[in-house]
Amino acid sequence: MNKKFVFIIIITLLVIQLVGCYTETVSLKLIYDVGETKFIEVSSDVDQYILPTPSKEGYTFLGWKDELGKVAEYGIWDKSFKKNLTAVWSANTYLLTLDYNNESNKTEMRNVTFDSYVYLPNAYKSRYYFAGWVTPENELVVTGNWKIANNITLKASWSRPVFTIVLDYNDGITPNGELTVTYGEQFSLPYMERDNMCIEGWYTDNDYKITESIWERDPVEKLTAKWMRKPDVIIVT
C-alpha cells in the first residue's frame, strides 16, 4: 500500500476521533453582585445544570434570574433560560434592642433591615453627656445604613462633664487661677496664708460655700475666696 495513502488514512481517522471528542459548550455569565461576575462553561449536551448557591453577609439568597426576569427554581438552569443570570438577594431583618442605661431603666426594641437607614436617637442622663450607642465590645454605632448582621443590644454610653472654674483669690495680689473639675470625681481647692490671714473657704456667686470633696453639683464659672484672721495660737506652759 502506498505510504502516502496510509498516512492520509491515519490523519483522517485522527481528525474524526478528535471531532467526536469535541463537545460544544454554553457560557453562562453569573452576576453575584456589583463588580463580582463569574463565567461557567456548560456542555450543550446537558439539559439541566445545578447553579452555585452564593452567600452574602446580611442577605438571604433567593435564586438566579435571567434578563427576562425568569427565576431558576431550586437553582437549576436549563436551555429555556438566557445565558446572563443575576443573583437575587433579600436583606435580612434583625432585632435591635436599645438600653438607655440611665435612671429610667428604659429599653426599646425594634426590627432593623440590613443595609437600610436606621436612626439612633439621643439619650439623656442627669449631669452626664451622651457619648453614643455602643456594642457589647464597646464599638460605637451611629445613625446610617445598618451593617450588623445579627440581633444585638446597644447600650447608651455616658461621659462625665469636665469643666474649668475660675478661682478668684480676692486678695488684690494673687492673679486668678483655674481648677479643672470632673463631675463625680474628687477635687481639692487651694489653701493660702498671708501674714495673719488665711483662706476661710471658697464660695459661689450666690454665696454658697463649697465644702464637699467630690463634685456632684451643676457647673459653676467662678469661686471666690473669703479670708479670715488666723486664730491666735496660745502657748500653754
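The values are calculated or read from the model by the stated rules, or taken from the named source; none is laboratory data. This one's a predicted model, so the numbers in the text were calculated from it and none came from an experiment. Methodologically, a virtual Cβ is constructed for each residue, glycine included, from the backbone with ideal geometry; neighbour enumeration extends over all protein chains shown.
Quick notes
- Filter result for PHE163 (surrounded by 14 or more Cβ atoms within 10 Å (Cβ to Cβ) and under 30 Å from ILE40 (Cβ atoms)): no
- Some residue of segment 220-237 being within 38 Å of the chain's Cα centre (by Cα) and not polar (S, T, N, Q): yes
- Selection over segment 94-123 of residues that are surrounded by 14 or more Cβ atoms within 10 Å (Cβ to Cβ) and either assigned to a loop (DSSP other than H, G, I, E, B) or among the hydroxyl-bearing types (Ser, Thr, Tyr) (or both) gives a count of 9.
- Filter pass, TRP77 being among the aromatic types (Phe, Trp, Tyr) and over 25 Å from the mean Cα position of the chain (by Cα): yes
- When VAL134 is tested against the conditions (1) under 11 Å from the mean Cα position of the chain (by Cα); (2) surrounded by 13 or more Cβ atoms within 10 Å (Cβ to Cβ); (3) within 17 Å of ASN111 (Cβ to Cβ), the lone failure is (3).
- Test: residue in segment 53-60 that is part of a strand (DSSP E or B), of a type outside the set (Asp, Glu) and not assigned by TED's automatic domain parsing to the domain that holds ILE31: no
- Selection status of SER80, among the hydroxyl-bearing types (Ser, Thr, Tyr), without any contact (Cβ under 8 Å) to a residue 24 or more places away in the chain, under 28 Å from LYS147 (Cβ atoms) and outside any strand (DSSP E or B): no
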